[in-house]
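Okay, so here's the structure we're looking at.
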Amino acid sequence: KPKIFSNRPLPEVVLSYLNEHCECTVWDSETPLSRSELLEHIHEYEGLIMTGVPVDAELLERAAKLRAVSTVSVGYNHFDLEVMQAKGIIGTHTPHVLDDTVADLVMALILSAARRIAELDAYVKQGRWTSGRIKEDEWFGMDVHHATLGIIGLGRIGEVIAKRAVRGFDMELLYHNRSRNLEAEKTYGARYCSLEQLLRESDFVLLMAPLTPATVNYIRQEHFEMMKSSAFFINASRGQTVDEQALIEALRNGAIRGAGLDVFVQEPVAADNALLTLPNVVTVPHIGSATAKTRTDMAMLAAQNLVGALTGGKAHVVPELQALVQSK
Ligand code: 8YV
């Protein structure tokens, strides 16, 4: 049986599956595994389940027996694809199983930002809702229904967000992608447009593009300046796709009205990050896929991917490395 290692705890059902196929070691302590400890033992393993920590050149160089790396996430920006390609190490991820759960969270961010849920929740709980007030306009938010949603990176998850937005909220849909999504155009009336047009016309700008060398700091000051001053910026991809300082500036100077953020440049987000003090920002700690069912489904798929990759069976290999399995 191949020896494998997971850097995070796994649900019982996933562990029993893995134990049937592998000799499995799991880091299940509350304290995250240290980098030095990981590097020290990495040469022992043929397979890894590595989520949220870099699988970089240094680690891959030391991993003499390694044949496959699986992540419990759809995003795999922590993989050094070039080195994996050169060494013939397969990389797998977990598409599909999280789509609806992430889409739910995106709608929650849109609604919370627009209707100021977090801000007004604090207001009520702090006892500031007193009788006799007449200035109710202080609580006014923005309508989500019939507004225009612009999705940057309309892929699998974007399609289920489109469904909710168009069918549930009568929203208009714009999108900007590397390539056209004809399915979303046909099914949800999504209109393809330039990034500039999307920014200028959307009431909610949603960033869903994966983090790649081409999307680092993809949205910058000039882009916030193109947005409507009444618009909201929502990010559920990766923090590094946005120039965070430019976002803070845009929120401060009124270039945009507000933001809903699941992701940050640095995670966990630093306590002195200005985003945490702005009332027009709703934040959550990278919970897009965080429900018990979806995380279990993701962990199981990651385990099946790893076993598949190690045994020549079925696996969701990341697109950039698919040639590795085809050539085997
Ligand atoms: C992951 C995510 O669960 O799938 C992704 O790419 O961002 C989340 O759904 C998270 O990264 C795990 O740490």
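The values are calculated or read from the model by the stated rules, or taken from the named source; none is laboratory data. Every value quoted in this text rests on a predicted model; they were computed, and no experiment measured them. Note: ideal-geometry Cβ built from the backbone for every residue, glycine included; neighbour counts use all protein chains shown.
Scan region 128-144 and give yes if some residue there is of a type in the set (Lys, Arg), buried (at least 18 other Cβ atoms within 10 Å of the Cβ) and away from the ligand (no atom under 16 Å from the Cβ), otherwise no.
For region 128-144, residues of a type in the set (Lys, Arg), buried (at least 18 other Cβ atoms within 10 Å of the Cβ) and away from the ligand (no atom under 16 Å from the Cβ): absent.
From (1) in contact with a Gly (Cβ under 6 Å, 6 or more places away or on another chain); (2) at negative phi, pick out the condition that doesn't hold for ARG116.
Going through the list (1) in contact with a Gly (Cβ under 6 Å, 6 or more places away or on another chain); (2) at negative phi, ARG116 breaks only (2).
For residues in region 1-34 being in contact (Cβ under 8 Å) with a residue 40 or more places away in the chain and basic (Lys, Arg), which is nearest to the ligand (Cβ to nearest atom)?
ARG8
Tell me, yes or no, whether region 15-32 has at least one residue that is under 25 Å from the mean Cα position of the chain (by Cα), more than 29 Å from THR215 (Cβ to Cβ) and charged (D, E, K, R).
Yes, the conditions are met somewhere in region 15-32.
Would it be correct to say that GLU201 is surrounded by 17 or more Cβ atoms within 10 Å (Cβ to Cβ), in contact with a His (Cβ under 9 Å, 6 or more places away or on another chain) and over 20 Å from GLY288 (Cα atoms)?
So GLU201 does not fit the description; no.
Assigned to a loop (DSSP other than H, G, I, E, B), more than 15 Å from ALA108 (Cα to Cα) and touching a strand residue (DSSP E or B) at 6+ places or on another chain (Cβ under 8 Å): does that describe LEU154? Break it down stepwise before answering.
On the way: assigned to a loop (DSSP other than H, G, I, E, B): yes; more than 15 Å from ALA108 (Cα to Cα): yes; touching a strand residue (DSSP E or B) at 6+ places or on another chain (Cβ under 8 Å): yes.
The answer is yes for LEU154.
Restricting to region 259-280, and then to whatever is out of contact with any Pro (no Cβ under 9 Å at 6 or more places or on another chain) and touching a residue at least 40 places away in the same chain (Cβ under 8 Å), can you tell me which residue is nearest to THR241 (Cα to Cα)?
So, considering only residues that are out of contact with any Pro (no Cβ under 9 Å at 6 or more places or on another chain) and touching a residue at least 40 places away in the same chain (Cβ under 8 Å), the one nearest to THR241 (Cα to Cα) is LEU261.
Would you list the helices (runs of 4 or more DSSP H) that sit entirely within region 179-227 and hold 3 or more residues that are closer than 15 Å to GLY155 by Cα? Full working, then the answer.
On the way: elements: 182-188, 195-201, 221-226.
Here the list reads 182-188.
If I filter region 218-231 for residues that are out of contact with any helix residue (DSSP H, G or I) (no Cβ under 6 Å at 6 or more places or on another chain), assigned by TED's automatic domain parsing to the domain that holds LEU149 and β-branched (Val, Ile, Thr), do I get at least one hit?
yes
Looking at (1) of a type outside the set (S, T, N, Q); (2) touching a helix residue (DSSP H, G or I) at 6+ places or on another chain (Cβ under 6 Å); (3) within 13 Å of the ligand (Cβ to nearest atom), find the lone condition where GLY258 falls short.
In the conditions (1) of a type outside the set (S, T, N, Q); (2) touching a helix residue (DSSP H, G or I) at 6+ places or on another chain (Cβ under 6 Å); (3) within 13 Å of the ligand (Cβ to nearest atom), GLY258 misses (3) alone.
Residue-by-condition table, conditions (1) in contact with a Ser or Thr (Cβ under 9 Å, 6 or more places away or on another chain); (2) assigned by TED's automatic domain parsing to the domain that holds ALA113; (3) away from the ligand (no atom under 16 Å from the Cβ); (4) at positive phi:
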| residue | (1), (2), (3), (4) |
| --- | --- |
| GLN266 | no, yes, no, no |
| ALA271 | no, yes, yes, no |
| ALA299 | yes, no, no, no |
| ASN305 | yes, no, no, no |
| GLY308 | yes, no, yes, no |
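How many of the residues in region 60-100 are under 15 Å from ILE4 (Cα atoms) and within 16 Å of the ligand (Cβ to nearest atom)?
Residues that pass the stated criteria total 6.
All but one of (1) out of contact with any Phe, Trp or Tyr (no Cβ under 7 Å at 6 or more places or on another chain); (2) buried (at least 20 other Cβ atoms within 10 Å of the Cβ) hold for ALA259; which doesn't?
ALA259 satisfies every listed condition except (1).
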